[in-house]
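Enquirer: Below is one structure. I have some questions about it.
Each value in this text was obtained by applying a stated rule to the coordinates, not by laboratory testing. This is a predicted model, so every value here is computed, not measured. Don't worry about glycine lacking a Cβ; one is built from the backbone with ideal geometry, like all the others, and counts go over all protein chains shown.
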Amino acid sequence: MKFSGYIFDFDGLIVDTEMPRYIAWREEYEKYGQTLTIRDWWIAIGTGPAIFDPAKQLSELTERKVSPEKILEVVDARSYELMEEVTLLPGVREFITNTYALGIPMAVASSSSRTWVFDHLEHFKLLPFFRSIVTAEDVKNVKPDPELYLLALRNLELTNISVCAFEDSPNGIKAAKAAGLNCLAIPNLITREMDLSQADKVYGSFCDFEPDSDFDFS
């Protein structure tokens, strides 16, 4: 089938923010003699602090010697520093610009903060291509709840059966499917070992298909 619109996750899909973010948190945990493994971090991918709040957890592990707010401030600064070396994931820019040229509307639905998403989309000069960008501040519940996708879908003024979501994590896939969307998974270095079986199909990168592809989910 062909789609009339696309909704993109952001972290780990458009840009590999997952690894820099994980490294920043791992460094902060190590600073206080604690460990944070990749598998520990899996809990946080594609969702918000209501599911897993590393700042709150680390504060509790240190018997509140440091506040969650201070921890988050340090990690955010380190994350932005690490992100300076990050580029768009393979095929992303070409797919987005080709989709735009075809007149197919696009949106972003991210559990991250508005500032985080907009800052990076602006840095990579991708903001003008999206008709709608919805983030954690726009909804009551982030992924795996479908609220972000339902809002993005309303903003695109399209039906769920005509729109495809792109995700890289189980939480994101659950949200997309709960919103009634078809979902293609494109994992990154961190999420490629996670269970992505709920997606309709898994691809290696955006280089593997075109915006006007006739997708076969049989």
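Enquirer: Given charges of +1 on the Cβ of Lys and Arg and -1 on the Cβ of Asp and Glu, with all other atoms neutral, how large is the dipole of region 135-218 about its Cα centre, in debye to the nearest 20?
Expert: Working: 7 positive and 15 negative charges, 64 e Å.
Once rounded to the nearest 20, the dipole reads 300 debye.
Enquirer: What residue among E85, E73, E27 has the largest mean-square fluctuation in a Gaussian network model of the chain, using Cα springs under 10 Å?
Expert: Taking springs between Cα atoms under 10 Å, the residue moving most is E85.
Enquirer: Whole-Hz ³J(HN,Hα) for each residue in region 7-14, computed from phi via Karplus 6.51 cos²θ - 1.76 cosθ + 1.60 with θ = phi - 60°, x for glycine and proline: what do you get?
Expert: The phi angles translate into 10, 9, 5, 10, 4, x, 10, 7 Hz.
Enquirer: Between E94 and L189, what length in nm is gained on full extension when 0.36 nm per residue of separation is reduced by their alpha carbon distance?
Expert: This chain segment gains 32.1 nm when fully extended.
Enquirer: Check cross-link reach from K140 to the lysines: straight Cα distance under 24 Å, and skip same-chain residues fewer than eight apart.
Expert: K56, K174, K177
Enquirer: Please list 3J(HN,Hα) in residue order for region 178-192, calculated via the Karplus relation 6.51 cos²θ - 1.76 cosθ + 1.60 where θ = phi - 60°; whole Hz, with x for glycine and proline.
Expert: 5, 7, x, 9, 6, 9, 9, 9, 10, x, 10, 4, 7, 8, 5
Enquirer: Considering only DSSP states other than H, G, I, E and B, which GluC sites (Glu not before Pro) in region 119-169 qualify as loop sites with at most 13 other Cβ atoms within 10 Å?
Expert: Taking region 119-169 and a limit of 13 other Cβ atoms within 10 Å, the loop GluC sites (Glu not before Pro) found are E157.
Enquirer: Here's something else I'd like to know. Subtracting the Cα-Cα distance from 0.36 nm times the residue separation, let me have the gained length for A178 to K201 in nm, one decimal.
Expert: 6.7 nm
Enquirer: How far is helix 68-83 tilted, in degrees, relative to the longest principal axis of the Cα atoms in the chain, given as a value from 0 to 90 rounded to the nearest 10?
Expert: Roughly 50 degrees between the two axes.
Enquirer: Show me 86-99, 103-116 ranked by packing, highest mean number of other Cβ atoms within 10 Å first. The partial results should precede the final answer.
Expert: On the way: 86-99: 16.7, 103-116: 20.6.
The packing order, highest mean first, is 103-116, 86-99.
Enquirer: Ordered by residue, what ³J(HN,Hα) values in Hz, to whole numbers, does region 127-137 give under the Karplus form 6.51 cos²θ - 1.76 cosθ + 1.60, where θ = phi - 60° and Gly and Pro are x?
Expert: 3, x, 7, 9, 6, 8, 9, 10, 9, 4, 6
Enquirer: Shifting gears a bit: Treating the beta-carbon of each Lys and Arg as +1 and of each Asp and Glu as -1, no other charges, what is the dipole magnitude of the chain about its Cα centre, to the nearest 20 debye?
Expert: Dipole magnitude for the chain comes out near 380 debye.
Enquirer: Between rounded, prolate and oblate, where does region 18-83 land on the alpha carbon gyration tensor, with a ≥ b ≥ c its root eigenvalues, rounded for a/c under 1.5, else prolate if a/b exceeds b/c?
Expert: The shape class here is rounded.
Enquirer: List the trypsin sites (Lys or Arg not before Pro) in region 49-91 that DSSP assigns to loop (not H, G, I, E or B) and whose Cβ has at most 13 other Cβ atoms within 10 Å. Which are they?
Expert: Counting only loop positions with at most 13 other Cβ atoms within 10 Å, the trypsin sites (Lys or Arg not before Pro) in region 49-91 are R64, K65.
Enquirer: Return the aspartates and glutamates within reach of K143: Cα separation strictly under 19 angstrom, same-chain partners fewer than 8 residues apart disregarded; answer none if there are no such residues.
Expert: Output for K143: D9, D11, D16, E18, D40, D53, E167, D168, D195, D200.
Enquirer: Nearest 5 is fine: what % of DSSP beta bridges in the chain come out antiparallel, could you say? Walk me through the numbers before you get to the answer.
Expert: Values: 1 of 18 bridges.
Counting only bridges with both partners in the chain, antiparallel ones make up about 5 percent.
Enquirer: Dipole magnitude of region 18-83 about its Cα centre, charges +1 at Lys/Arg Cβ and -1 at Asp/Glu Cβ only, in debye to the nearest 20?
Expert: For region 18-83, the charge dipole is close to 100 debye.
Enquirer: Net charge within 12 Å of K143 by Cβ-Cβ distance, Lys/Arg positive one each and Asp/Glu negative one each, not counting K143 itself?
Expert: Once all neighbours under 12 Å are counted, the net charge is -4.
Enquirer: Further, regarding this structure: Tell me which residues come under 5 Å, amide H to amide H, from A165 once H is placed; ignore anything under 5 positions away on its chain.
Expert: I7, N182, C183, L184
Enquirer: Give the cross-link partners of K125 among the aspartates and glutamates, using a straight C-alpha distance below 14 Å as the criterion and excluding same-chain residues fewer than 8 apart.
Expert: E94
Enquirer: Which label marks the calculated value of Rg and Dmax of the Cα atoms in Å, given the options (1) 17.0, 50; (2) 19.7, 64; (3) 17.2, 56?
Expert: Of the listed options (1) 17.0, 50; (2) 19.7, 64; (3) 17.2, 56, (3) comes from this structure.
Enquirer: How far apart, in nm, are the 7 Å Cα→Cβ label points at E73 and Q34?
Expert: Distance between label points: 1.8 nm.
Enquirer: Where is the GNM fluctuation largest for the chain (alpha-carbon springs, 10 angstrom cutoff): A175, A101, A24?
Expert: Result: A101 has the largest fluctuation of those listed.
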